[in-house]
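Encoded as structure tokens, the structure appears first; notes follow it.
Bear in mind these aren't lab numbers, they're just calculated from the coordinates by the rules spelled out. Everything quoted here is computed from the prediction, not taken from an experiment. Because the Cβ atoms are built from the backbone with ideal geometry, glycine has one as well, and the counts that use them run over all protein chains shown.
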Amino acid sequence: MKKKIVGLVLFGAAAAMMTAGVSAEDLIKVGYAQVGHESDWRTANTQNYQDVFSEENGYELSLVDCDNDNAAQIEAVRNFKDQDLDYIVIAPIQSAGWDTVLQEVQDAGIPVIIADREIEADESLYDAWVGTNTYNEGVTAGNWLAEQLDGAEANILQIEGSVGASAAIGRTNGFAEVMADHSEWKLLDSQSGDFTQDGGQTVMESFIKSYEGQFNVVICQNDNEAYGAMDAMDAAGITYGVGGDVILISYDATHDGLQYTLDGKFNLDVECNPIQAEVVKGVIEKMVAGEEFDKNTLVTDEAFNAPGITSEFATEMTQEILDGRAY
Ligand code: AHR
């Protein structure tokens, strides 16, 4: 195995880069294999990486938008290895199928950080993980619903994220765990909307055809899917949100999602924080300095519900919270 020593060699230079301009060869080369551009969350996450891994901060960032194509993402990682970048960051589209390429990268001596989502691979195949706990996000949605319904019946439609993505698997499983304790809840259907607005709208239109008049809860596994679902329900004359026919729950808590929460159109928006690059940079800085770093770093999330709703599991949305949201 080739030993990667660039971090140690550049330590002095890396520190200086924080305050002064540096030559191109001194920049720390980071490859980011990004999922794609499927959602507002993803756009915010990409922008965050571009802001944090800037030349002014001492980095040369190679960001590849993999357009939700698993094979393209594995190829992007392989290309980063062939380019001999200093660090590779992966936001995995799929949780499975990483062993071969991660072994190749490890054999090349390039440190890997898994970010945002999780993978099904032995921890020895990557150096660090930074992300959110999507299982807990699902549990939060379930606990909030149980608290609000207080024993009333729920007929639930769920629009899942991309099939095989840990963010979808985690939210589905977390919510299912709470649902298992509620015999008065029925999951009428659960289909993937691929974390996109179009996907959310298409799935909701088909749900409305099959279940019109039978459902009172819609759960969308990200804000963009919820925007699509709202369009479908508007077209069908179905009301949602506070005082509506349907309780609408979303995940992400991006700016527009929180605006809809403030407006009472979303009953609940469970946060998934896209601002993760600074934490990843902190891990890389420790690697550069040869210091110990945490194998796993959790980026914490909150949940927000519409004004007028009191909950043990969510904060009541305010204009002040929205004004403080940068993404
Ligand atoms: O992995 C995070 C998820 O991926 C976000 O919920 C979603 O918006 C994104 O596309």
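Values computed for the structure shown
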read-out	value
Cross-link reach list, aspartates and glutamates versus residue 186, counting only Cα pairs under 19 Å and skipping chain neighbours closer than eight places	147, 150, 153, 160, 177, 212, 245
Label-to-label distance, nm, for residues given as residue 72 and residue 107 (7 Å Cα→Cβ offset)	2.7
Rounded to 5, percent antiparallel among DSSP beta bridges of the chain	5
Antiparallel content of DSSP bridges confined to segment 237-327, in %, to 5	30
Nearest-0.05 FRET efficiency for residue 256 and residue 99, computed from C-beta distance (R0 30 Å)	0.20
FRET efficiency, residue 205 to residue 286 (Cβ-Cβ, R0 45 Å, nearest 0.05)	0.40
Computed lengthening from residue 23 to residue 82, 0.36 nm per intervening residue step minus Cα-Cα distance	19.0 nm
Simple Cβ-charge dipole of the chain, Lys/Arg +1 and Asp/Glu -1, about Cα centre, in debye nearest 20	580
Kyte-Doolittle at least -1.0, axis length at least 15 Å by Cα - qualifying DSSP helices, the chain	70-82, 134-149, 166-179, 197-211, 223-236, 277-289
Virtual spin-label span in nm between residue 321 and residue 302, 7 Å along Cα→Cβ	0.6
Full-stretch length increase - residue 310, residue 150 - with 0.36 nm per residue and alpha-carbon distance subtracted	56.3 nm
Leading residue at positive end of dipole, the chain (Cβ point charges), from 326, 193, 132	132
Debye intensity ratio I(q)/I(0), log10, the chain, q values 0.12, 0.14 Å⁻¹ (C-alpha model)	-0.81, -1.02
Loop-located trypsin sites (Lys or Arg not before Pro) in segment 119-226, at most 13 other Cβ atoms within 10 Å (DSSP)	none
Estimated FRET transfer efficiency when R0 is 30 angstrom, pair residue 37-residue 183 (beta carbons, to 0.05)	0.15
